[in-house]
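Have a look at the structure below, then the notes.
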Amino acid sequence: MKPIQTSLRRWMLDNESFKQRHEAMKTEVLRHPHIAQFLKEHPEITEQAIEKRLNKLYEYTTQSIHCDQCQSFDKCKNIVKGYSPILQFIHGEIHLSYEKCSNHIHHEKMQEKQNLIQSVYMPKEILNARMADLFPDHHRAEATKEADLFINRAKHTLPEKGIFLTGPFGVGKTYLLGAIANELQKLDISSMLIYMPEFVREIREAIKDNTVQKKVNLFKKADVLMLDDIGAETLSAWFRDEVLGSILQYRMMEKLPVFFTSNYTMKQLEQILATSTKNGVEEVKAGRIMERIKQVSKEVKVAGENRRNFD
Ligand code: ADP
Ligand code: MG
């Protein structure tokens with residue numbers, strides 16, 4: 001008989017402690033401010049309904065509600081990442097469901113914005129460039145001032161002229177383009193930032209699958225076009241006149257800005273454009289391209305030390 005009595009006592013004790021734990025959990029759950037508020041809003045909720053879904057109410061208390069315990073989408077603590085719990089009382093029963101949380105929505109918006117910069121070939125460090133991180137020094141002062149001016153004007157209407165950043169290798173011209181693109185992105189203005197040698201390669205590839213026109217149209221119509229390192233590559237006469245020329249012509253007519261970076265000044269670039277093709281010196285054609293470049297951008301010098309030494 002003794003063993004049975006002992007087991008029974010243990011069972012009763014266990015049961016007792018289960019009951020105690022259950023009651024303690026219930027008290028804690030009901031004390032949760034959101035649940036207290038929920039019950040206040042629904043006085044019709046019965047004791048049985050609460051008992052039936054106590055586990056769900058408990059689950060609710062363990063979650064980050066309206067992102068109160070999460071700093072960002074990536075650090076979300078919830079059972080389903082990016083979803084916040086909501087309580088409802090439907091047809092006499094308490095229901096727990098999850099809806100997209102504000103961090104999740106913010107994350108999606110940021111992703112959408114990131115896609116606005118269609119810089120297929122840009123290095124990551126440039127994608128994250130910020131105007132606020134620019135080195136404040138007099139060599140770059142004019143370029144920074146012009147960039148600020150452009151961004152401020154863009155808050156009202158998109159200016160028709162971009163900036164032609166000319167200066168030696170490594171002074172931060174491409175970095176500045178990236179920073180401008182990021183500021184414009186905040187204004188929902190998309191920038192198409194492309195490294196010229198890659199651009200030439202891309203269009204050459206497009207000949208094979210007949211997509212030249214489609215691609216050229218993207219460059220024509222982008223809100224802001226940024227051509228990085230113009231003059232660094234040899235252009236065919238066809239690329240210079242039919243591709244670059246027609247893109248610039250379109251943008252000039254539509255008053256759409258273009259940004260450039262170059263190791264050359266506009267004057268030097270004109271020479272390069274005139275002599276880089278196999279057709280001998282073509283001053284008239286090069287002059288025509290330069291006219292369009294001048295229409296869509298303003299030349300600004302950037303100087304200073306070579307930042308690449310600091311990497
Ligand atoms: P450029 O296009 O004139 O040749 P880059 O923009 O590529 O020069 O800049 C050279 C290096 O210096 C890059 O590694 C770039 O990330 C870095 N850099 C330039 N400006 C800044 C800046 N303001 N803050 C941080 N890094 C910079
Ligand atoms: Mg560069």
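The values are calculated or read from the model by the stated rules, or taken from the named source; none is laboratory data. Treat the numbers as computed from the prediction; the structure is a model and nothing was measured. Glycine gets a Cβ as well: all are built from the backbone with ideal geometry, and neighbour counts include every protein chain shown. Note: accessible area is taken over every heavy atom of the protein model, side chains too, but ligands, DNA and RNA are not part of it. Shrake-Rupley method; radii C 1.70, N 1.55, O 1.52, S 1.80 Å.
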#### Entry: Solvent exposure ordering (accessible area, 1.4 Å, most first) of Val212, Val258
Val212, Val258
### Task
For the chain, give the share of DSSP beta bridges that are antiparallel, in percent and rounded to the nearest 5; count only bridges with both residues there.
35 percent
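Just want to confirm a number: the relative contact order over the chain, from Cα pairs under 8 angstrom separated by 6+ residues, in percent.
17 percent
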### Query
So which aspartates and glutamates can Lys52 reach, going by Cα to Cα under 18 Å and dropping same-chain residues fewer than 8 places off?
Glu23, Glu28, Glu44, Glu93
### Query
Going from the alpha-carbon gyration tensor of the chain, what semi-axes, largest first and in whole Å, does one get by taking the root of 5 times each eigenvalue?
66, 20, 19
#### Entry: Listed peptides 192-201, 79-88 by packing density, highest first (mean Cβ within 10 Å)
192-201, 79-88
### Query
What does the charge count near Gly178 come to, summing +1 for each Lys or Arg and -1 for each Asp or Glu among other residues with Cβ under 11 Å from its Cβ?
-1
### Query
Can you list the lysines whose alpha carbon is less than 25 Å from that of Lys214, not counting same-chain residues fewer than 8 positions off?
Lys113, Lys161, Lys255, Lys285
## Note on the structure
Cα pairs beyond 22 Å in the stretch 184-311, in percent, come to 37 percent
### Query
How much accessible area per residue does the stretch 6-77 have, in Å², with a 1.4 Å probe?
74 Å²
### Message
Leaving out ligands, DNA and RNA, and with a 1.4 Å probe, what % of the accessible surface on the chain is carbon or sulfur?
### Response
53 percent
### 28 Å Cα-Cα reach of Lys56 towards lysines, excluding residues that sit fewer than 8 places from it in its own chain
Lys19, Lys26, Lys40, Lys75, Lys77, Lys81, Lys100
